[in-house]
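Undergrad: Below is one structure. I have some questions about it.
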Amino acid sequence: MASCARFVSIVASIVSLGLVAGGSASITKPSAFTFSADGTGLQLGGPGLAPEIRVAPNDFPGVIRAANELAVDFGKVLGVNATVVVADWASTSSSKAGASGPRPIIVVGTVGRSSLVDSLAASRNLDTAAVANKWETFSYQVVQAPWDGRDSIFAILGSDLRGTTFGVYDVSEQIGVSPWYWWADAPPTARKYIWASSTGAHTEGPPSVKFRGIFLNDESPCLTSWGHAKYKDSKYGSPFITDFYKRIFELVLRLKGNYVWPAMWSSMFYLDDANNGPTATEYGIFMGTSHHEPMARADKEQGRFLKGSWDWKSNKAGVQAFMEEGATRSKNWSTIYTLGMRGSGDAASATLTSSALEEVIGWQQSTLTKALGKPLSQIPQAWVMYKEVPGYWQKGMKVSDDVTLLWSDDNRGNIRRVPIANETARAGGSGMYYHFDYVGDPRNYKWINTIQLQKTWEQMTLAYDRGIQNIWLTNVGDLKGLELPTAHFMALAWDRNSFEDPGSTTKWLKTWSGGQFGEVAAEATAAIMTTYGRLISRMKYEDLSRTPFAFSTTNYDEAEVNFNDWTDLLAKAQAVYDGLPAGAQDSFFEVVLHPVMAGRGVYEIYTKTALGAKYADQHRASANQLARDVQSAFAADSAITKRFHGLLGGKWNHMMDQLHIGYNNWQDPSSQTLPRLTYVTTAAKNALMGVAARGNAASFPAAATLTLSPPQSPFAPPGRQSWLDVFARDNGTFTYSVASNVSFVTVSSPQQVLTAPGSASDARLLVSVDWAAAPSGSSVAALKVSNLNATGTAATVLVPIDNPMLPADFTAGHVEAGGVVSIEAEHFSAPPSDASYVVVPDYGRTRSGVRLPTKSASQAPAKGPVLVYPFYTFSTAPAAAALTIYLSPSENANPSSPNRYAFSVDGGAATTVQPVPLGDAGNEPAGWSDAVVRNAYVKTSALGKLAPGRHELRVWLLEPTMVLTKLVLDVGGLQSSLLGPPESMRVGA
């Protein structure tokens, strides 16, 4: 707790300086604006001064709309709105200094569309070459002497509707208005002055990924209930009307996205509000429909309007008529058409075959060309390779190259497929449908954020570098609660190049946090959410109810250490929240403090339930307190949700309503239910003593002698110390005393009074060894624990001691303790000279990940780049030693080259291992469910006898589609756990 207290002090002193918002969420872009009174360039704002924004009447209506929002955004930061003037070139040029006298002027327009911009470019100093005729590109700059009587103006140019809109919103973000000002209540940054730099143009685009967007899915109960309360329902009972979608479209555009799949559980986008389709097009948003809703028709339309069954084989005419109506209805709107077909209700079809599906897609394409009057090359189309669908494709289907193959992850963030050789040259390219939310096996996860940003970076950079660049779409559930991973995903899709560095996620997170909560909180917030990502990657909340509890309550202090990590994180998040100005606290609570606080509460429920069962077996009186703690945490969970609902006068009422405690299968429980709690009967006043020892499931008095595990070693993992617990087994008061039979083994608090019930019913005694005085080699000390109030009542705790000699010339590598060598993957002996491996910091469950560069070819065992791990052992294993490799739960994303690794010890022959079994393309491989629940593939291989001494482990990753996170060598002492033993001492670190 000392480190946490120091963190609290630092944060409090920093945040007290005040709120200064960050700029853009880009991690490479220099700011084009300054905000001091003595700024240079063109002044755009000052006390009582805001600009005049001019836009041509012949520009896109969406550009005029965005210009009006920019005017309001200036008001948010300056306190006075800008003014929008819709004017052509003649009225602008003749206005000299402008209708508002000395007011600064911003010209907004689309190259080739805006008469204002085109005339300005033709006659004056405005160069449009960097923007013209490009996809979604923008530029802004100070233009000198734009017309007679005006020294300079500021111009925002776009190559098309979205390019101009992105430019407008980018300026908004640069001056201090977050894209999340409404959806996450990020406060605008107050500015007294705004200056635009005169040192050249800032240009962005085209984007890395052509179509980038979100899918509002699994939207009940939260988003739907919230919508019913906030918006007037349509005639079909849906709240997802145009006023709702305007908020969605604006956010997507502010994130530089352009694509949306609408809510669909009980909604019909084009029918719920007749203005939905045309409004999306006016904004510049491409609309699509989900993986099982072809031809721009919603699933719920099938029940209302389809004549006959949703089956191509038995009702082809009815299905065709239904699909054709979708194409006709949407022909004048911006649409990416979902092709193909699945069974009814988002399930596999019982009757479709590869040849039938080939026929379906061919008919759909023919229908689109007729309805839209365009060639296929001009019609965006996507065939979603979801669940069983790749199985059809694998059988040799012939599908037009105009179709984008929209590949998918496994619903848990692991990409199932990357394009292979015969798929990379398709005109329609490839896309990725990715999940931040899911309903289905092995369990739903749709409550709050459980996404590790580093995992998103690793998987989506793999996707991009292997040719998936046409569509990126992510399932964001209710959106609320997933703001952070959504922002990160969209930033990656816009500018993949700025995320080239494996550490770029942390840099982006600092920039993004500064833009949301102020620069003074940026670094602390980034650290908090990085740790949060690591903790939730260990297990999703919905999976915690599995029995037995995944985190060991006996070995390596795993359950307690994990929960302490959550408790420490909450203290840090609360410290930042407490130090923020009031205007930033609601936003910080929504995005940072709430998931940490609520997540820690759920972990408390399941961790203390598991520890309580263990304590009850030991008949600890404190088991009852743990049960009360669980009940309190359960009540607090509801209170935290109520607090969320009360924010900003109830703005987010019904969000976070999702049930998340008490899962017993993949589907939501019917209600929040406590896990089964265990109690002990403590009516007597006998003051009975109990004793427990680390790493030992037994306890005194059931066992008269206990043994500490693992043995004490001077090379034990740093930060981990052995202990024994003395506790009351009944009500009353007693005094215990501990005596050691050797002087070099001592315990903290060797004598203490314990009383039950109450907080003083248990004592944890830390065991220390004076290694200078301890004998060399192996020995055993004994601790006698006596109840001084009950003569003759004493337990013996044996303390095995290993005090070996490490040779002085072993200067680099890991050292065994307790029969185990545990190694974090990034701690290989030296960085490869040719950058043949990439370390992804803060990745996975414990520290980081290591992988080959994403564009690497498949490697040959023992011939490609190698990871070298020197280590030293003292034990002679009673049986064969073993190597356990921990990998991310990555899929065999290249079907012709499944994930494999090879290893050798001490120069022996290399052994090749394939950790992920092969399966057919339509199903997950064997062991997948267990792997995604624990977020790791864990593979153990026998090594044979391993003599004491120095050794060298060599590991070759053979595919770029896999990530190594941890290695454990068992020489006789490995204990079972979820995360594996903590990392061994590393000499030369």
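Undergrad: What FRET efficiency would be calculated for the residue pair residue 906, residue 976, taking the C-beta separation as r and a Förster radius of 41 Å, to the nearest 0.05?
TA: FRET efficiency, residue 906 to residue 976: 0.90.
Undergrad: Which Cα, out of 419, 161, 369, lies furthest along the positive dipole direction of the chain (beta carbon charges, K/R +1, D/E -1)?
TA: Checked the options; the winner is 369.
Undergrad: Anything over 21 Å Cα to Cα? Flag those among 246/651; 210/480; 235/331, in the order listed.
TA: 210/480; 235/331
Undergrad: Right, next: Within the set of other residues whose C-beta is less than 11 Å from the C-beta of residue 922, count the net charge using Lys and Arg as +1 and Asp and Glu as -1.
TA: Charge balance near residue 922 sits at 0.
Undergrad: Give or take rounding to whole Å, what are the principal axis extents of the alpha carbon atoms in the chain, in descending order?
TA: On the principal axes, the chain reaches 103, 69, 60 Å in Cα extent.
Undergrad: Also, quick follow-up: Find how much the distance from residue 645 to residue 784 grows on full extension, using 0.36 nm per residue of separation minus their present alpha carbon separation; answer in nm with one decimal.
TA: 44.6 nm
Undergrad: To the nearest 10 degrees, how steeply does helix 61-78 sit against the main Cα axis of the chain, on a 0 to 90 scale?
TA: Helix 61-78 sits roughly 60 degrees off the main axis of the chain.
Undergrad: Quick one: which of 411-422, 368-379 comes out on top by average Cβ neighbours within 10 Å, and what's the full order, highest first?
TA: 411-422, 368-379
Undergrad: Please compute the contact order of the chain in relative form: average sequence separation of alpha-carbon pairs under 8 Å and at least six residues apart, divided by the residue count, as a percent.
TA: 10
Undergrad: Still on this structure, I have one more. Using 0.36 nm per residue, how much length does the chain from residue 501 to residue 809 gain when fully extended, once their Cα-Cα distance is taken away?
TA: Between residue 501 and residue 809, full extension yields 107.3 nm more.
Undergrad: Average projected area of the Cα convex hull of segment 117-180, in nm²?
TA: Values: hull surface 19.1 nm².
For the Cα atoms of segment 117-180, the hull's average projected area reads 4.8 nm².
Undergrad: With Kirkwood's inverse mean 1/r over C-alpha pairs for Rh, give me the Rg to Rh ratio of segment 201-267, two decimals please. Before the final figure, lay out the partial values.
TA: Details: Rg = 14.6 Å, Rh = 13.3 Å.
My calculation puts Rg/Rh at 1.09.
Undergrad: With r defined as the distance between the Cβ atoms of residue 617 and residue 748 and R0 fixed at 22 Å, what FRET efficiency is calculated, to the nearest 0.05?
TA: Result of the calculation: an efficiency of 0.30.
Undergrad: How long is the gain from residue 771 to residue 679 if the chain were fully straight, where each residue apart is worth 0.36 nm and the alpha carbon distance is subtracted?
TA: Length gained between residue 771 and residue 679: 29.0 nm.
Undergrad: Same structure again: Does segment 33-196 classify as rounded, prolate or oblate by the C-alpha gyration tensor (a ≥ b ≥ c root eigenvalues; a/c under 1.5 gives rounded; else a/b over b/c gives prolate, otherwise oblate)?
TA: Note, shape of segment 33-196 comes out oblate.
Undergrad: Shifting gears a bit: Counting only other residues whose beta carbon sits under 9 Å from that of residue 891, what net charge do I get with K and R as +1, D and E as -1?
TA: Here the charged neighbours net out to -1.
Undergrad: Continuing with the same structure: As a test of understanding, state the convex hull volume per residue of segment 911-989 from its alpha carbons, in Å³. Write down the numbers at each step before the final one.
TA: On the way: hull volume 11.7 nm³, N = 79.
Cα convex hull per residue, to the nearest whole number: 148 Å³.
Undergrad: Assuming R0 = 45 Å, what is the FRET efficiency of residue 760 and residue 940, from their Cβ-Cβ distance, to the nearest 0.05?
TA: Calculated transfer efficiency: 0.55.
Where a number appears in this text, it was derived from the coordinates with a stated rule and is not lab data. All values reported here derive from a predicted model rather than from experimental measurement. We place every Cβ from the backbone using ideal geometry, glycine too, and count neighbours over all the protein chains shown.
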